[in-house]
Amino acid sequence: MMKNLAIVTVFSLITATVSFTAEAGHGRGNTNLAVDSFNNYGQQREKLVLNINQTYRGLNIIRLKQELQYNYPGRINVNNLDLIAVKLVAKSAMGRGEATLLVGQNASYPERVAGNPGTFNIDAPATFDKIKIQNPSFDSMGKWQIELRGLIKVKKVVLIVKNKRAMGQGRTLRIPMYDQYSRGNQIVRLKQLVAQNNPGVNLQNMQLETVTLVAKSKMGRASASLLVGHTASYPAIIAGTPRAFHT
């Protein structure tokens, strides 16, 4: 979203390093912790399975980085991992429990943890709810935590991660804007523009890595923010001067 004095020309958008993320494979894990590695179009990802088997009451936090270090001593360097999503296998006593994924300073929307009093103390796999929560942050910096509210029994947590050093198959999509002007608050809908300019591209099989905006503003005080899902980046200033605006 462009804000303030947002008169923009020479406007083109480049979505850079868009990498495929379709899932493949399922982890079995016959130990307390299991690593299930698999490749997606040349990009290696892993499922890190944490068997928690604990009951939580009220407000509680599962510190995922600490759990990884404790259960994988000397085997996992969390700083080399990007968190893609978390799968929580859990149930709540009254069906009103909530789970929130916290990554750095960003939090996902609370997800309901289903359940009922009649099956809460039964350990059968079918009695547990399965909740997948995407990383709410643009990166994986800072804390990785699951915040729980309510009387909740957690069977396991599965972290879907990607090695930062893994080389994925990237693709750059350029969207020409033909020197369009924007005044006031405006929204550029990237998915619609990608579909118009690249009709053969299926965005469902892609993960957005970066966006480069080529633009200038008349007074040098305009700003732009990237919105992905429910997360917004900090506004970036669009520089410019009145003299250079029409050149």
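The values are calculated or read from the model by the stated rules, or taken from the named source; none is laboratory data. Being a predicted model, the structure only gives us computed values, none of them experimental. We place every Cβ from the backbone using ideal geometry, glycine too, and count neighbours over all the protein chains shown. Note: accessible area is taken over every heavy atom of the protein model, side chains too, but ligands, DNA and RNA are not part of it. Shrake-Rupley method; radii C 1.70, N 1.55, O 1.52, S 1.80 Å.
Just a few scattered comments:
- Filter result for Ser137 (more than 30 Å from Ser92 (Cα to Cα), touching a residue at least 40 places away in the same chain (Cβ under 8 Å) and in a loop (DSSP other than H, G, I, E, B)): no
- Just one of (1) in a loop (DSSP other than H, G, I, E, B); (2) open to solvent by 30 Å² or more (accessible area, probe 1.4 Å); (3) modelled with pLDDT of 90 or more; (4) over 27 Å from Glu209 (Cβ atoms) fails for Lys156. It is (1).
- The set of residues in region 115-133 being within 23 Å of the chain's Cα centre (by Cα) and either of a type in the set (Asp, Glu) or buried (at least 16 other Cβ atoms within 10 Å of the Cβ) (or both) consists of Asp129, Ile131, Ile133.
- Of the residues Gly25, Gly74, Gly42, the single one that is open to solvent by 60 Å² or more (accessible area, probe 1.4 Å), at positive phi and modelled with pLDDT under 95 is Gly74.
- Within region 222-246, considering residues that are closer than 27 Å to Asp139 by Cα and part of a loop (DSSP other than H, G, I, E, B), the one most open to solvent (accessible area, probe 1.4 Å): Tyr234
- Matching residues in region 79-113 - criterion: being open to solvent by 10 Å² or more (accessible area, probe 1.4 Å) and closer than 20 Å to Leu50 by Cα: Asn79, Asn80, Leu81, Asp82, Ile84, Lys87, Val89, Glu98, Thr100, Leu102, Glu111
- Residue that is nearest to the chain's Cα centre (by Cα), among those in region 134-153 that are aliphatic (A, V, I, L, M) and either modelled with pLDDT under 95 or buried (at least 20 other Cβ atoms within 10 Å of the Cβ) (or both): Met141
- Of all residues making up region 75-110, the number that are among the charged types (D, E, K, R) and within 15 Å of the chain's Cα centre (by Cα): 2
- Hey, Lys191 buried (at least 17 other Cβ atoms within 10 Å of the Cβ) and of a type outside the set (A, V, I, L, M, F, W, C) or not: no
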